[in-house]
Structure formats: structure tokens, C-alpha cells
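The values are calculated or read from the model by the stated rules, or taken from the named source; none is laboratory data. Every value quoted in this text rests on a predicted model; they were computed, and no experiment measured them. Here the Cβ is made from the backbone with ideal geometry for all residues, glycine too, and neighbour counts use every protein chain on show.
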Amino acid sequence: MSARPFAIIDVETTGMNPLRDRIIEVAVIRGDGREEFSTLVNPGRPVPPFITSLTGIGDGELEAAPSFSDIALELAELLEGAVFVAHNARFDYAFIRNEFKRLGIPFSAPTLCTVRLSRKLYPKSGGHSLERIIERHDITVSSRHRALDDARAVSAFLAIARREKEERYEAVLAGLLKLPSLPSAIPEKMVRDLPGGPGVYLFYGERGELLYVGKSRNVRERVLAHFAADHGSEKEMLLATSIRSIEARPTSGELSALLLEAELVREFAPIHNYRLQRRRKGIAAAPVTTAAGYETLSLSATDGADEGEDMALFSSRRAAEEEIALLARAYQLCTKLLGIEKGRGEGACFAHQLRRCRGACIGLEEPASYNRRFRDAFAFRSVEKWPYSSPILITEEGEGGAGSAYAVDRWRILASIEYDRDGMFRVRDAGRPYDRHTSRILQGFLGRPRSSVRVRPISGPEISSLLGEALSC
């Protein structure tokens, strides 16, 4: 068993969110039960009625109770050097850690979750909630949902389990103490079996709904990082408590993981993916030239899937017109040519009358001079131009010689190819439409030298052959 003593802890709180809610009662049983600590805690806010109904703790009782800052040092001394033991330990640990954090006191401790211990030692039991454990072992409890009585119930369970499962108890305990803190609903084997290389991982909820898609160069480490972070982020906390199963899809490398993540997010729109979402309407500003030779912009709605080389992209038409107006003023461009001045008919634009336009609208400025300023104005918003003289093949080799390849032209994936260690190709899909998010992934990936991929030109006949049938090297 761990050389560290145990500190069995239970907290009652104003709610379920450790970032927003507060502790209203805390109890600690140190070691073998000979040292107990218990106190109400003034949360500095009203207690919701349903919490009072559950615990019996109301605002009146808490008015004279100490605040967490009043008990923080004493509590820190009780927990120092001990294993943090609780039923559903992540909940109690998150609340204690965040209360300390608000006071600027660092706190961390190894944790032992007695939900997981019960599952290991009593796998055939019907349930592992504290209520079911109390019933199963006939543990006497004076007041459920009070911190000290619940902590005493956990302490009694540990003593019973040690006695009943003497042969396995120490080994199971040692194994659990070596594991990172996982949500109680996630079996250790599920995480242990995750790949240690690049890929995409999918979190599913209680009804099998897809909650989140992520990618990493080391899937197992990244998944564990989600669980390690749930006490410090509301998003991570909510996600971790909702996960019921995890799926991993290994990829040959980082680029393949990025592209697969984007594809899955677009297709399934998981509720916890905020950065990557289904295609949203925006405004594309495409360069056009007037009959008189002046360059300007044509605004149109886009869902990110259309082909073409746009000069600029905007979140909305209003945002586009506001920024174009600012650039027109800064670079002395014509608001009529840019299409943001309406209803003046023939003649000079209003900006020309204010000497903010050099007269392109009435032919006073030559197109060549005007067009230079126009390109300078929108250079920082321009969609990245294709930097190659031909289509390219991006090859990403994974473990054992197998890998993936992508035929790409003008930031559009023409074909996605998988090949095995013997060099046999299989075209996974072909003819994808242009997609802005995929374009950004490719730009970012190819913009930095990487030893994990090879890039070479690919000819038209080779592309035709790839799209027609699988090839061998």
C-alpha cells in the first residue's frame, strides 16, 4: 500500500461546478480515523433551495460559519503529504483545489477514488454509488449528504474492503494509485489501449452521442491531459463528466490527424468543438476588373466550400463593408468602385469631393496607379496564392513504412491515398471540393519545414492515373 497516509475527504457544495460554485461543508478523516476535522463553510452566497433540501444546510446556519480562507491553513496541514481519498474523488478534489487556488495557495495530491476501488474489488455488484455501497455492506450512517457522515462511510468501506478482499486489496490499491485520475465512468483499459502515436480521438456520451473530436501526435497523452485539466476549465470539467466511451483513429502523422479531425467535425458537429464547426456563411471578396481597367471587389456569400481564389474573406457583409471603407480612406481608394457608396449615379464619389479619392471614379487617375494601391490595401487579407508551379503530392510515412499521401492543387485535395508497408496504394477518396479550412491546414503545415513529410511535383497523367485506379510504388 502507499507509504503516504490517507486523508478521506467529503465536501458539500452550492452546486456541481467547481469553477462557479463553493464549498458549504468539508470533512477530513486522517489516517485510520483517529483524527477527524469537520466544519461548515460560509460560501459568501445564498445556498440554492435544492441543496438545502438535499443536505439540510441553509443560509441561516452558514452566516456564522468560517469562510474557506479562515480554515485554509488548517485544512492544508491536514492534507499535506496524504493521498486524497474520496468517493468520486475528482469532484471533491476539483472543489478543494479551486478553493485553494482562489487564495493563491498551490495544492496537488495523489488521488484515490473509492468508486473505482469498488468496481475493481466488487465487479459483480449492481452499483458503486456511495448509497449502494452503504446498502451492500450495511454501513451505519447518521445523515447522508453531510460531509463528516459521508467521509465516515467511505472510511468504513475501506476497512471492510481490506478485510473482505485481503488477498487482492493491496495489489488493487497499488494499481489505482499508479494510475492518473480518470473520470469514474471511464475504465482504465479504455485509456490504456489508446495509441501512443498520432491520430484522432472521439469522446462519446451516455446515449452514444459524439461530444468532442480532437487530434494529437500522442493520442493517449492528449486524452489524459483532458482529464488532468478538468479541475481548471469549465469546458474540460463538463466534458470529462459527460464522457462514457473513447474511440481512437490512428493516422500516419500530424497532417493526416489535422485533416481527419476537420473532416469529422464538419460531418458530425460535436457539441464541444467550438473552434472547428460546420461550414458557416461568410462573405468572400473576389477580385474583378472594370471595363475601364480598375481593380475592385465583388462581394458574395460563401459557405467555405466554393472554389476560387478570393482576395479577402469576412465574417459578414457588414464587417466587409466597414473594413473596406476604412481601407478606402487609408489608401485613397474610390468608394464607388468598391461598391460601398450607393445611390450617387454618374459622377465623382463623395470621397473625391472630400479629397480622399484621386478621381478613379471619373477617370482622373490612371488604372495602373490606382491598382497598385488597391493591391497594397488588401495584401494582408489576401488568400494565400498557390506557391507551386504544378500540383504536388504530399507523402506522410507512419510506423512500419505504411502511410498516407495527398494529391493537392491550389490548396484543394484532389485525392487522399493510403499505402501499406509494401507500397500498395488505395485511393480513399477523390475529387474533394475546395474547402477553406482544409486550405488553411495545408498552408500552415507546408509553411514550416517538416521532416515527417515529403513533397514533390505530380504530373497531370499521374493524377489521372491516381484518380482512375489504385497504384503500386
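One residue stands out among those in segment 189-208 that are buried (at least 16 other Cβ atoms within 10 Å of the Cβ) and part of a helix (DSSP H, G or I): the one that is farthest from the chain's Cα centre (by Cα), which is Met190. With respect to the conditions (1) touching a Lys or Arg at 6+ places or on another chain (Cβ under 6 Å); (2) at pLDDT 80 or above; (3) surrounded by fewer than 14 Cβ atoms within 10 Å (Cβ to Cβ), Tyr331 lacks only one, and its number is (3). Identify the residue in segment 438-454 that is assigned to a helix (DSSP H, G or I) and at pLDDT 85 or above and, among all such residues, is surrounded by the most Cβ atoms within 10 Å (Cβ to Cβ). Applying the filter and picking the extreme gives Leu442. Among the residues of segment 177-186, at least one is within 26 Å of Leu54 (Cβ to Cβ), without any contact (Cβ under 8 Å) to a residue 60 or more places away in the chain and surrounded by fewer than 21 Cβ atoms within 10 Å (Cβ to Cβ). All conditions but one from (1) modelled with pLDDT of 85 or more; (2) under 27 Å from Ala284 (Cα atoms); (3) more than 25 Å from the chain's Cα centre (by Cα) apply to Pro457; the one that does not is (2).
Considering only residues in segment 102-118 that are free of Cβ contacts under 8 Å to residues at least 40 places away in the same chain and out of contact with any Leu (no Cβ under 9 Å at 6 or more places or on another chain), the one that is surrounded by the fewest Cβ atoms within 10 Å (Cβ to Cβ) turns out to be Gly104. Checked against the criterion of being modelled with pLDDT of 80 or more, outside the structural domain of Gly398 (by TED's automatic domain parsing) and under 13 Å from the mean Cα position of the chain (by Cα), the candidates Leu255, Leu211, Leu276 yield just one match: Leu211.
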